[in-house]
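The values are calculated or read from the model by the stated rules, or taken from the named source; none is laboratory data. Treat the numbers as computed from the prediction; the structure is a model and nothing was measured. Here the Cβ is made from the backbone with ideal geometry for all residues, glycine too, and neighbour counts use every protein chain on show.
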Ligand code: UDX
Ligand code: UDX
Ligand code: ADP
């Protein structure tokens, strides 16, 4: 029996290991974490992350060949393959602050592996890290190894939240990077054997270490770039009367471009895109490639522009002031089907509106009040540190309340802002919402979820990203 241990029971480690356990009954998988509450949750009926299909997978394997534990050292010692899936936030201070990846958690995990190991191990880099991290980790391991042999592999994870289980069951590709030595190639083959239990051979790509590490950063940068490209177009559509959905559809029909990932939005969020691009930018700068760095920086600048453009639309449409006005915010997670709020555009939009003295009433089907308050009280870049390490700020904002129902959130509001594309927001009773709101009643749809014509018929003034403007909005040009 192969023993696998995964350090880090987060959004990546938890679902990935659960699927490995399900698909490989002959492999024993233990997921370990220093966060006791997180491990307790993994061992309970209320898993610490919301992910469609995850409960069923965990139920089928937990206690059989899938275990969750805080006894990090014991399980690392027993493992043949150790996945490292700890968080790699952006550095908040020191050299490269705001850009470089903070590898503190990674380094401490590597040192611990070297300390406790009594047999040879394959160490798999699962969290996204800067290119050449594997080399640094390899040095830590070999300099502390006491004669034990370590092989380092890079096996970046491409799952997206909300569809993690489907993505893991049926990945576009699995990427395994390793050393081009006989030992390195043997380790690649061992990991390949695990995935080959359910992934077709031709989708398992093997490369050298650096290519695997860079491919992950590149893939996320390309995806984010598509969104910034369509979002840039959305601004031009609003200015010219074109419809961004029609433009995206027509563009995506070109098979060289493809139809996916072209939905205009209030901006991309999530723990990966911004962090990975910042990382890429930092690596380019360190290599003297300033033009390349500037090219990728622009993807983030457009994303920030899109968020502030949205806030400006809200404020300018409502007579240039939202001071003291109740504004309902529907959706706080960074995308639908997840409770994750890391880097969600909702944080910047809400802060922007509160900055203009709006009174927010927020509803998201999966995000707790505590999480919303913590996010709105945090400084930028603090978001990626694990919640259990974050003190709750005493300045948690009093202009914000959190509701458990869209109708309650919108009652007596002047405006509704839709910031996450939850399916349930499509089928709300907008007539009922309209009747309960102050007039004129505004809807600002940051995700193109509502039927604009239908809402206008009800009486709403509607703004939808990249769609032809309501006559009202044409008369109220966005603030500079
Ligand atoms: C992303 C990558 O997709 C995944 O391969 C990688 O492993 C991790 O980063 P994730 O951040 O979980 O996954 O979700 P994703 O579906 O990529 O969405 C990221 C953000 O882009 C979300 O805020 C989403 O709403 C936004 N988005 C996505 C758009 O605004 N428009 C789109 O067309 C697609
Ligand atoms: C382009 C569009 O493809 C076409 O749809 C439009 O109608 C006219 O403009 P064209 O300029 O004829 O067509 O050729 P295309 O194949 O797009 O190549 C344009 C340039 O990009 C060439 O110099 C080509 O060598 C280069 N290219 C293309 C690359 O450098 N790398 C690639 O992967 C593809
Ligand atoms: P991701 O989205 O990449 O999965 P998360 O932040 O959700 O990231 O998960 C990372 C997990 O790694 C956290 O639960 C954190 O407690 C855990 N972790 C960080 N450092 C260590 C360590 N040295 N040992 C064990 N677990 C760790």
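The residue list 276, 304 contains one member that is within 16 Å of ligand 3 (Cβ to nearest atom) and part of a helix (DSSP H, G or I), which is 276.
Quick check on my filter: what residues within region 84-110 are touching a helix residue (DSSP H, G or I) at 6+ places or on another chain (Cβ under 6 Å) and closer than 13 Å to residue 140 by Cα? Once the filter is applied, which keeps residues that are touching a helix residue (DSSP H, G or I) at 6+ places or on another chain (Cβ under 6 Å) and closer than 13 Å to residue 140 by Cα, region 84-110 yields only 110.
Note on region 144-170: residues that are at positive phi and away from ligand 3 (no atom under 15 Å from the Cβ) amount to 2.
Residues in region 115-132 that are more than 13 Å from ligand 3 (Cβ to nearest atom) and over 25 Å from residue 279 (Cβ atoms): 117, 118, 119, 120, 121.
Close Cβ contacts (under 7 Å, 6 or more residues apart or on different chains) running from residues in region 241-263 that are over 18 Å from residue 465 (Cα atoms) to residues that are not in a loop (DSSP other than H, G, I, E, B) comprise 257/251; 258/252; 259/252. Here residue 17 qualifies as within 16 Å of ligand 1 (Cβ to nearest atom) and outside the structural domain of residue 275 (by TED's automatic domain parsing). All conditions in (1) buried (at least 24 other Cβ atoms within 10 Å of the Cβ); (2) at pLDDT 95 or above hold for residue 247, with the sole exception of (1). The condition of being under 24 Å from the mean Cα position of the chain (by Cα) and closer than 30 Å to residue 451 by Cα holds for only one of 263, 243, that being 263.
Suppose the filter is within 16 Å of ligand 3 (Cβ to nearest atom) and more than 21 Å from residue 102 (Cβ to Cβ); does residue 250 pass it? So residue 250 fails the test.
Would it be correct to say that residue 98 is free of Cβ contacts under 8 Å to residues at least 40 places away in the same chain, away from ligand 3 (no atom under 16 Å from the Cβ) and either not in a helix (DSSP H, G or I) or not assigned by TED's automatic domain parsing to the domain that holds residue 185 (or both)? So that I can check it myself, show each step before the final result.
On the way: free of Cβ contacts under 8 Å to residues at least 40 places away in the same chain: no; away from ligand 3 (no atom under 16 Å from the Cβ): yes; either not in a helix (DSSP H, G or I) or not assigned by TED's automatic domain parsing to the domain that holds residue 185 (or both): yes.
Spelling it out, it is not the case that residue 98 is free of Cβ contacts under 8 Å to residues at least 40 places away in the same chain, away from ligand 3 (no atom under 16 Å from the Cβ) and either not in a helix (DSSP H, G or I) or not assigned by TED's automatic domain parsing to the domain that holds residue 185 (or both).
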